[in-house]
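Below: one structure, written as structure tokens.
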Amino acid sequence: MKIAFFEVRDWERDFLAPQFPGCTLYFHPERLDSSNLEAAAESECLSVFIYSRVTAADLDHLPQLKLIVTRSTGTDHLDTAACRQRQIAVANVPHYGENTVAEHTFALILSLSRNVHKSYRHAVEGRMEMAALTGFDLKDKTLGVVGVGRIGIHVVKIARGFGMRVLAYDVRQDSFLAELLNFTYAPLEQVLAESDIITLHTPYLPATHHLLNRERLRLTKRGALLVNTARGSLVDTDALLEALQSGQLGGAGLDVLEGEELIREEHELLHSPRAAEALQALVRRSELLKMDNVVFTPHNAFNSREAMLRILETTVANVLAWQRGEELNRVV
Ligand code: NAD
């Protein structure tokens, strides 16, 4: 079997190379896009990370393809409907970073609540007014967790450790967990209205596109913080900018941004078929980055050594299971 890996770093290649005896492996550090599809043309298996968009049109150029193993939990970068139509199996990595992403969520929350990022900026500029850096305790504050799945539940546990009250919104509810961890489910509107900090942990689906739109952002407590480590398009970025500028939101911790996949490599912008969209995303990002009360990490929440290793181990297991005719972590 020929397997093409995209977006792999050297240490990942070194880990993966001995795992597939008898297979021909191709490793590409760059993401897959229409300009390098050729490199995967003969492959039966394709392994990508989230910056490789695989569209129906791309699949038409990959006639041998039988399996896509994405080294991520989310699959919104893949046209899974088109895969299903062409009988291409898709497997993901459902468990690798629950605690990892939850820990990063608190890195963002604490950066905002204790002005870590602002303190650094002020120190670099030689400014020493302590009053501008006064933060707030998490203890006794209300955390609104939107999406209490694998990551969300770790966020709830950590929040309870800080002595926070937790309100949660999810389309599915688990009353046993709520009782065990002492949190309360509530409608989204109530979560937004009562939370001091709101954190998003739902997948990106048509139903969750701009889940936080202009109307919903107006429902938040004035000065609340918003943290998004899930997917950028859960939030309407123009509405987010307005809410931050007007003080409706007191700050934002963002690991993900709408359109981030379009602006990863700025030099590619001009040649992108979605150049206008990419430029818009770039302008919005630079507006956000200028703000003192915005903490930004570039889709880095999953990126711990332990989590990266778990991703590769599951990816290997997914391919080997498929070769044996077994279904493991299949989403298609
Ligand atoms: P999960 O599937 O375990 O949990 C998602 C939860 O969201 C579920 O409880 C589900 O019922 C709920 N949900 C689904 N639709 C909803 C809706 N319309 N409204 C409210 N709740 C809804 O997923 P997870 O493993 O916890 O991951 C959550 C998301 O985090 C992923 O989909 C992915 O996009 C993102 N993620 C980001 C990173 C990163 O590095 N920033 C890493 C991993 C995952």
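Has the stretch 155-166 got any residue that is of a type outside the set (Asp, Glu), surrounded by 19 or more Cβ atoms within 10 Å (Cβ to Cβ), within 11 Å of the ligand (Cβ to nearest atom) and under 16 Å from GLY253 (Cβ atoms)?
Looking through the stretch 155-166, at least one residue is of a type outside the set (Asp, Glu), surrounded by 19 or more Cβ atoms within 10 Å (Cβ to Cβ), within 11 Å of the ligand (Cβ to nearest atom) and under 16 Å from GLY253 (Cβ atoms).
For the stretch 120-141, how many residues are farther than 14 Å from PHE106 by Cα and open to solvent by less than 40 Å² (accessible area, probe 1.4 Å)?
4
Which pairs have Cβ atoms under 8 Å, sit 6 or more apart or on different chains, and link a residue in the stretch 76-104 that is under 17 Å from VAL156 (Cα atoms) to one that is within 13 Å of the ligand (Cβ to nearest atom) and among the acidic types (Asp, Glu)?
Note: pairs meeting the criteria are HIS104/ASP255.
Identify all residues within the stretch 80-115 that are touching a helix residue (DSSP H, G or I) at 6+ places or on another chain (Cβ under 8 Å), within 16 Å of the ligand (Cβ to nearest atom), assigned to a helix (DSSP H, G or I) and not polar (S, T, N, Q); write none if there are none.
Residues satisfying the conditions are GLU98, VAL101, ALA102, GLU103, PHE106.
Go through the residues of the stretch 33-55 one by one and say whether even a single one is exposed (fewer than 14 other Cβ atoms within 10 Å of the Cβ), in a helix (DSSP H, G or I) and in contact with a helix residue (DSSP H, G or I) (Cβ under 9 Å, 6 or more places away or on another chain).
Looking through the stretch 33-55, none of the residues is exposed (fewer than 14 other Cβ atoms within 10 Å of the Cβ), in a helix (DSSP H, G or I) and in contact with a helix residue (DSSP H, G or I) (Cβ under 9 Å, 6 or more places away or on another chain).
Quick check on my filter: what residues within the stretch 301-332 are open to solvent by 50 Å² or more (accessible area, probe 1.4 Å), within 12 Å of the ligand (Cβ to nearest atom) and touching a helix residue (DSSP H, G or I) at 6+ places or on another chain (Cβ under 7 Å)?
Matches in the stretch 301-332: VAL331 only.
The values are calculated or read from the model by the stated rules, or taken from the named source; none is laboratory data. On a predicted model such as this, the values are computed, not experimentally measured, just so you know. With ideal geometry, Cβ positions are generated from the backbone for all residues, glycine too; neighbour counts draw on all protein chains shown. With ligands, DNA and RNA removed, areas are computed over all heavy atoms of the protein, side chains included. Shrake-Rupley method; radii C 1.70, N 1.55, O 1.52, S 1.80 Å.
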